[in-house]
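Below: the structure, in structure tokens.
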Amino acid sequence: MAVTAALYYITAMPGRSYRGALEFTAEDHELAKRLRAHVEALAAAPRNTDLERPARYIARELGAVSEQEFASGGRTVRNIEAGAGSLVVGAHYDSVPGSPGADDNASGVAVLIELSRMGLPARFVAFANEEMPYFLSDEMGSHAWAARAKARGEPVSAMLSLEMLGFYRDAPGSQRYPPLLGAFYPDRGDFIAFVGDLGARALVRRSLGLFRAHARFPAEGVAAPSFVPGVSWSDHWSFRRHGYAAIMVTDTAFYRYAHYHLPSDTPEKLDYLRMARVTLGLAALIKELAHETR
């Protein structure tokens, strides 16, 4: 009984996932073209030892209003920011060595750029240094940003980490899960996921509920212990360490994507129309969530 109750607690979510046909509009198609252009520009080469090329591109496309430089690994790197508000939307722009990182995480940055252009009441931040050897350390760009915000007493009502948003599959068996969770979720990798630790459960539920209310796209959610593999594996980890409500929005990475962290993570693997539909759903979510949490 205790195990059943625990599993219900971490998987019970508001609303219902969309299960209708995905009929894409002219707006979806135009947005998909822009998303693909961003991914192709960012994934033209790996983004690990040399972050200046992608940083220049992102600063130009975001119309950045501020940057945060910090020392890391004997070099100076930077976080790049646009917008305003207490709601933070972030995505890391580095990749693992040897990988062009189309899904991980040019896809997240592409969505970040397009969201930032919609006049939404949020701060949009592209973070350096999420991948190894900086992963889950104080040299992550998101850690530097969250630590500075905490020291300054800046208001952060919530944080959404955009982590791999571009890969979807309709085939049965195309989605995997950590142990015990598969019984509660679809076996097709056709959805976007809202993921957080137990302390961020309220934000997972509210964010997913808003997305389901506004978006014609499948979406699932989980608020699980942070030791479950993948639950804390993105920039929301840094914000949780500093006491902020923070979650990840993701296509579930290695639970679905066979090219995760490989040289084969290239732009043609991604589904830009579905990315566009996710982007529009996130825009509606951000607008409402920012109003609630300001």
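Any residue at all in the stretch 121-135 that is assigned to a helix (DSSP H, G or I), of a type in the set (D, E, K, R) and modelled with pLDDT of 95 or more?
No, every residue in the stretch 121-135 fails to be assigned to a helix (DSSP H, G or I), of a type in the set (D, E, K, R) and modelled with pLDDT of 95 or more.
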All helices (runs of 4 or more DSSP H) inside the stretch 1-90 with 2 or more residues being over 27 Å from VAL222 (Cα atoms) and within 19 Å of the chain's Cα centre (by Cα): 26-42, 52-62
Considering only residues that are in contact with a helix residue (DSSP H, G or I) (Cβ under 8 Å, 6 or more places away or on another chain), surrounded by 15 or more Cβ atoms within 10 Å (Cβ to Cβ) and of a type outside the set (Gly, Ala, Ser), which ones fall in the stretch 137-147? MET140, HIS143, TRP145
With the requirement that a residue be surrounded by 20 or more Cβ atoms within 10 Å (Cβ to Cβ) and polar (S, T, N, Q), what does the stretch 73-93 give you? ASN79
Over 24 Å from VAL39 (Cα atoms) and assigned to a strand (DSSP E or B) - does that describe any residue in the stretch 138-152? no
Hey, any hits in the stretch 223-243 for a residue that's surrounded by fewer than 18 Cβ atoms within 10 Å (Cβ to Cβ) and closer than 26 Å to GLU30 by Cα? no
Could you grab me the full set of residues in the stretch 54-68 that are of a type in the set (D, E, K, R) and either crowded, with 24+ Cβ neighbours inside 10 Å or modelled with pLDDT under 95 (or both)? none
With the requirement that a residue be more than 16 Å from GLY108 (Cβ to Cβ) and not aromatic (Phe, Trp, Tyr), what does the stretch 239-265 give you? ARG240, ARG241, HIS242, GLY243, ALA245, ALA258, LEU262, PRO263, SER264
Of all residues being surrounded by 16 or more Cβ atoms within 10 Å (Cβ to Cβ) and acidic (Asp, Glu) in the stretch 184-197, which is farthest from ARG240 (Cα to Cα)? Just the residue, please. ASP190
Can you list residue pairs whose Cβ atoms sit under 7 Å apart, with the first residue in the stretch 267-291 being within 24 Å of GLY101 (Cβ to Cβ) and the second being basic (Lys, Arg) and buried (at least 18 other Cβ atoms within 10 Å of the Cβ)? Count only pairs 6 or more apart in sequence or on different chains. PRO267/ARG36; TYR272/ARG36
Report every pair of residues separated by at least 6 positions or lying on different chains whose Cβ atoms are under 7 Å apart, first residue within the stretch 111-134 and free of Cβ contacts under 8 Å to residues at least 12 places away in the same chain, second among the aliphatic types (A, V, I, L, M) and surrounded by fewer than 20 Cβ atoms within 10 Å (Cβ to Cβ). none
Out of everything in the stretch 198-209 that is buried (at least 23 other Cβ atoms within 10 Å of the Cβ) and touching a helix residue (DSSP H, G or I) at 6+ places or on another chain (Cβ under 8 Å), what residue ends up being nearest to GLY221 (Cα to Cα)? SER207
Considering only residues that are in a loop (DSSP other than H, G, I, E, B) and of a type in the set (Phe, Trp, Tyr), look in the stretch 169-192 and name the one that is farthest from the chain's Cα centre (by Cα). TYR185
Complete set of residues in the stretch 143-171 that are over 13 Å from ALA253 (Cα atoms) and of a type in the set (Asp, Glu): GLU154, ASP170
Mind checking which pairs have a first residue in the stretch 178-191 that is of a type in the set (A, V, I, L, M) and a second that is surrounded by 13 or more Cβ atoms within 10 Å (Cβ to Cβ) and in a loop (DSSP other than H, G, I, E, B), Cβ under 9 Å, 6 or more apart or different chains? LEU181/VAL228; ALA183/TYR177
Residue list for the stretch 238-247, restricted to those being in contact (Cβ under 8 Å) with a residue 60 or more places away in the chain, closer than 17 Å to SER207 by Cα and not aliphatic (A, V, I, L, M): PHE239, TYR244
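The values are calculated or read from the model by the stated rules, or taken from the named source; none is laboratory data. Note that the structure is predicted; figures quoted are calculated from it, not measured. All Cβ positions, even for glycine, are placed from backbone atoms using ideal geometry, and neighbour counts span all protein chains on display.
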